[in-house]
Structure formats: structure tokens, C-alpha cells
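Trainee: Quick one: this structure, given as C-alpha cells, is what I'll be asking you about.
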Amino acid sequence: MTEAAFPGVGRHDNIGTMEPLSPEEIARYHRHILLPEIGGAGQQKLKAARVLVIGAGGLGAPVLQYLAAAGVGTLGIVDDDRVSLSNLQRQVIHDSGTIGELKTESAAFAIARLNPHVRLIRFEERFSPEAARRQLSGFDLLIDGSDNFDTRYAAADAADEAHIPLVTGAVGRFDGSLTVLKPYDTAEDGTPNPRYRDLFPEAPPAGLIPACAEAGIIGALTGVIGTMMAMEAIKLVTGTGEPLVGRLLLYDALSARFDTVRYKRRRTTQRQAG
């Protein structure tokens, strides 16, 4: 783990406290503060928030950029990969000058340029069941922008165990999806919220879903899904709107069509949880 040593990026003191906004921050976030749904109180919640993002790639790039721009006080980045030329078609937080650098380092420098008020914590390693508890320590929201089911299941299990919300998304070629998971909580009718395994009981067989390196992917698609993931995170932090809990949002880029599929806790997982 590395605490990024950039201007304005330091150790997070007084974790969980609501620090006042400085005059510069009030000016920076003025368009947020004008919104009755956000206001000064919501912006202070964003400043106090600690969000861990898995992946600084296609989905992680817009997530990190928009959360940093929105004023999330502390961002954690988990990624062990380095920037390559083929990444730049979609991973817009990196650039030609950062090829060969660790993605965590490249992303951290970009965020520091964008908003010096954001604190960065870098984990230059993979997210895994073995490391999850350590990596999640101190964070209150997890965002999964990974590209494989092993990590997605590990993220879902870790967030459930830690009792923190998870925003998870996926993309492939010209389509994408995202949802929000809070299985430790209940819906308004008192029923338990669904888990990731209620949506995807088992990972597909190896090789059934080709990686983007094999099948290709349109770069702007990751921006669409990643930006919506950031929006869900902002809603969760500020308590604004209705997050995608129990709903899977589907996007077909070729037809410019959005669909929403509802899903519930399966009886088998309810019994296991009890």
C-alpha cells in the first residue's frame, strides 16, 4: 500500500468527521452546492467519504475521474498492472507519457492534477479474498471495475462481510451493465436485499466470455458505464435518489437502448444467510 505523495494528497486525519469546506472548495463545488439534493451538507459527505476502486482501467478511469472531480475526500486504487499503448483507446485517465508506469501511479498523478483536495491511497496489487479485509479497512464504499468473475465474486463477498455498499459494472464489445449491492440491509418491505450470487449464481465456464483483448471493445462504452457507476456512488454517499439496489441496468450501445432487470434474494441464499 502506498499513500500517494502529491500536493494536497496526504494521510486522512479525523476519519469519519465532517470537515468544513474551504472557500476554494465552495467555489470548486458551487454547481453541486446549488442543487437542493446535494447542497453544502452533501458536499461535506463527499469530502468525508472514503471510496476504494478496484481497477484503474476502462471502468475505473471515469469512476476515479468523476469521483475526484466531485470532491470525494479519499480514493483508494487497487491495481497491479502497468499502462500499455493498447489501454489508451479507453482508459482515459492515462496518457502516452505514462506508458510503462504502474496504473495506480499514473492515475494518482492525473487525479492530483484534477483536484489537489483528494487524498490517494494506492494498492499496487490485485484485489483478492486474502487481501480484501486489509485493503477495505477504513473505506466505506467499494466500486468494482474489474474484468473477471473471480474478482467480482471476491469484491461482492468482501463488501457484504464489511457491511459496505458495492457498485459493480461490466462491459463487453458494445454492451454494459451495472448494479448496486447492499445484501447486509433490507428493502422497504423488510425483505433482505439480494447478493451478487442471486444475480450470477456461478461464474461462466472458462473461455465462454472472451476478454476484450480477444473480442475487442468500443472505448466510449467504458466511459458510459463507468460514469454511471460514479453517479451511483455519489447517490450512495449523499443519500440522494434511488440507487440500483435489486436492479441491473443494461446498456446496448449499438441501439442506444437502456433496460432495467429487477432481481431478488433467492430462497436458498436466504436460508444460508440465516
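Quick note: the coordinates plus some simple rules give every number you see, no bench work behind them. Keep in mind it's a predicted model, so treat the numbers as computed, not measured. Glycine gets a Cβ as well: all are built from the backbone with ideal geometry, and neighbour counts include every protein chain shown.
Trainee: Counting only residues that are buried (at least 23 other Cβ atoms within 10 Å of the Cβ) and among the small types (Gly, Ala, Ser), how many does segment 147-173 have?
Mentor: The total comes to 4.
Trainee: Find all pairs meeting these conditions: Cβ atoms under 9 angstrom apart; at least six residues apart or on different chains; first residue within segment 125-138 and within 16 Å of PRO165 (Cβ to Cβ); second residue of a type in the set (Lys, Arg).
Mentor: Pairs that qualify, where the first residue is within 16 Å of PRO165 (Cβ to Cβ) and the partner is of a type in the set (Lys, Arg), are GLY138/ARG50.
Trainee: Looking at segment 98-116, which of its residues are in contact (Cβ under 8 Å) with a residue 24 or more places away in the chain and outside any helix (DSSP H, G or I)?
Mentor: Answer for segment 98-116, where residues must be in contact (Cβ under 8 Å) with a residue 24 or more places away in the chain and outside any helix (DSSP H, G or I): ASN115, PRO116.
Trainee: Being closer than 20 Å to THR222 by Cα and crowded, with 17+ Cβ neighbours inside 10 Å narrows it down to one of LEU136, LEU142, so name that one. Quick ask: steps written out before the conclusion?
Mentor: Working: LEU136 fails: closer than 20 Å to THR222 by Cα.
Being closer than 20 Å to THR222 by Cα and crowded, with 17+ Cβ neighbours inside 10 Å holds for just one of LEU136, LEU142, which is LEU142.
Trainee: Can you name the residue in segment 157-171 that is under 15 Å from the mean Cα position of the chain (by Cα) and among the small types (Gly, Ala, Ser) and is also nearest to PHE139 (Cα to Cα) among such residues?
Mentor: The qualifying residue nearest to PHE139 (Cα to Cα) is ALA159.
Trainee: Is there a residue in segment 78-97 that is touching a helix residue (DSSP H, G or I) at 6+ places or on another chain (Cβ under 9 Å), farther than 28 Å from ARG173 by Cα and without any contact (Cβ under 8 Å) to a residue 24 or more places away in the chain?
Mentor: Looking through segment 78-97, none of the residues is touching a helix residue (DSSP H, G or I) at 6+ places or on another chain (Cβ under 9 Å), farther than 28 Å from ARG173 by Cα and without any contact (Cβ under 8 Å) to a residue 24 or more places away in the chain.
Trainee: Follow-up. Quick one: how many residues across segment 80-97 are in a loop (DSSP other than H, G, I, E, B) and either surrounded by 23 or more Cβ atoms within 10 Å (Cβ to Cβ) or out of contact with any Asp or Glu (no Cβ under 6 Å at 6 or more places or on another chain) (or both)? Outline the logic, then answer.
Mentor: Here is the first cut: in segment 80-97, the ones in a loop (DSSP other than H, G, I, E, B) are 80-81, 83-84, 90-95.
Keeping just the survivors that are either surrounded by 23 or more Cβ atoms within 10 Å (Cβ to Cβ) or out of contact with any Asp or Glu (no Cβ under 6 Å at 6 or more places or on another chain) (or both) gives 81, 83-84, 90-95.
Here the count works out to 9.
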